[in-house]
1. (1) within 19 Å of Leu131 (Cα to Cα); (2) out of contact with any His (no Cβ under 8 Å at 6 or more places or on another chain); (3) polar (S, T, N, Q); (4) surrounded by 20 or more Cβ atoms within 10 Å (Cβ to Cβ): which one isn't true of Gln221, the others all being true?
2. If I ask for residues that are assigned to a loop (DSSP other than H, G, I, E, B) and not acidic (Asp, Glu), which ones from the stretch 216-242 would you list?
3. Quick check on my filter: what residues within the stretch 101-127 are over 19 Å from Tyr37 (Cα atoms) and free of Cβ contacts under 8 Å to residues at least 60 places away in the same chain?
4. When you look at Arg152, is it touching a helix residue (DSSP H, G or I) at 6+ places or on another chain (Cβ under 7 Å) and charged (D, E, K, R), yes or no?
5. When the residues of the stretch 130-151 are filtered to those that are among the polar types (S, T, N, Q) and either touching a Cys at 6+ places or on another chain (Cβ under 9 Å) or modelled with pLDDT under 85 (or both), which remaining residue is farthest from Asn233 (Cα to Cα)?
6. In the stretch 152-191, how many residues are at pLDDT below 90 and not basic (Lys, Arg)?
7. Consider only pairs whose beta carbons are under 9 Å apart and that are at least six residues apart or on different chains; among these, list those whose first residue lies in the stretch 130-150 and is at negative phi and whose second residue is aromatic (Phe, Trp, Tyr) and surrounded by 10 or more Cβ atoms within 10 Å (Cβ to Cβ).
8. Quick check on Thr93: is it free of Cβ contacts under 8 Å to residues at least 12 places away in the same chain and either over 24 Å from Glu161 (Cα atoms) or surrounded by 15 or more Cβ atoms within 10 Å (Cβ to Cβ) (or both)?
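The values are calculated or read from the model by the stated rules, or taken from the named source; none is laboratory data. Owing to the predicted nature of the structure, the values given are computational and were not obtained by experimental measurement. Don't worry about glycine lacking a Cβ; one is built from the backbone with ideal geometry, like all the others, and counts go over all protein chains shown.
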Amino acid sequence: MPDKMDDAKSQKDGNAPKSVKISVYRHDPAVSKSGTYQDFEVPVQEGMVVLDAINYIVNNYDTTLAVRWNCKAARCGSCAAEINGVPKLMCKTRLETLPDKVVVAPMRAFPLVKDLVTDVSENYEIEKRMLPFSPRKNQKEPWIIDEMDVGRSQEFRKCIECFLCMDVCHVVRSHNTEYIGPRHVVKAASLDMHPMDSIDRSRTLAKQQGLGYCNVTKCCQEVCPEHIRITDNAIIPEKERSVDNFYDPIMGIVARLRGKEKGTDSSAIEGD
């Protein structure tokens, strides 16, 4: 990463590096009610990503800029933000793919902590209320599972919980509903598709977790950095399962024959 001395030397040699203007959202809710955008000029090197530019700003212009990141390898999901209005990982978004002016803002679906840092802890509270994996009773061990059944839910386990899908979801972002959001439907689907799970989560998703509010626009699927087909392979099948179990008596019988119990929320399971 170039520093100011490198910039000065390259300019003196008549070989000034290409630069990009980064407009960064600044707001500390503890100090003011509203925020603003601050512009910075950042020199660009080949292969730089948005996170490199943000770190350059922190190291060379303003150390008070708040940003969260960890691995810089698109595995932790910590550096999720909105880049030119689109939810993305800063560590995975190359500057060369963006226009000369880049606007970086925090995810709008979650409460702001400061600058680019948001509080996503409500997602972990949602997970606590979700029905856990509940294996069928009296199953001989070790379990013998067909490879096809394993593959059905393998895709969902790639989720890194960056919550970009939650941020882009217009229901989560703009409406006060009980919808748990795409990330958590993926979690429910991964369990429902497990051949040894004994709970049917369709009732919970339909009646208590707002699945009906999703209108399958596939926006969550488009921003997923792991390319999980959230809408096609998780949300739509869960919607179909919910409708079948409520209105199709044959599918209801099939579900019972498979040993699936009708689920409810976790508080009911715990006896609260």
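1. (1)
2. First, pick out the residues of the stretch 216-242 that are assigned to a loop (DSSP other than H, G, I, E, B): 216-218, 224-229.
Once the filter is applied, which keeps residues that are assigned to a loop (DSSP other than H, G, I, E, B) and not acidic (Asp, Glu), the stretch 216-242 yields Val216, Thr217, Lys218, Cys224, Pro225, His227, Ile228, Arg229.
3. Matches in the stretch 101-127: Asp119, Val120, Ser121, Glu122, Tyr124, Glu125, Ile126.
4. Values: touching a helix residue (DSSP H, G or I) at 6+ places or on another chain (Cβ under 7 Å): no; charged (D, E, K, R): yes.
No.
5. Taking the candidates together, the pick is Asn138.
6. Within the stretch 152-191, residues that are at pLDDT below 90 and not basic (Lys, Arg) number 6.
7. Listed pairs, sorted by first residue: Pro135/Trp143.
8. Answer is no for this residue.
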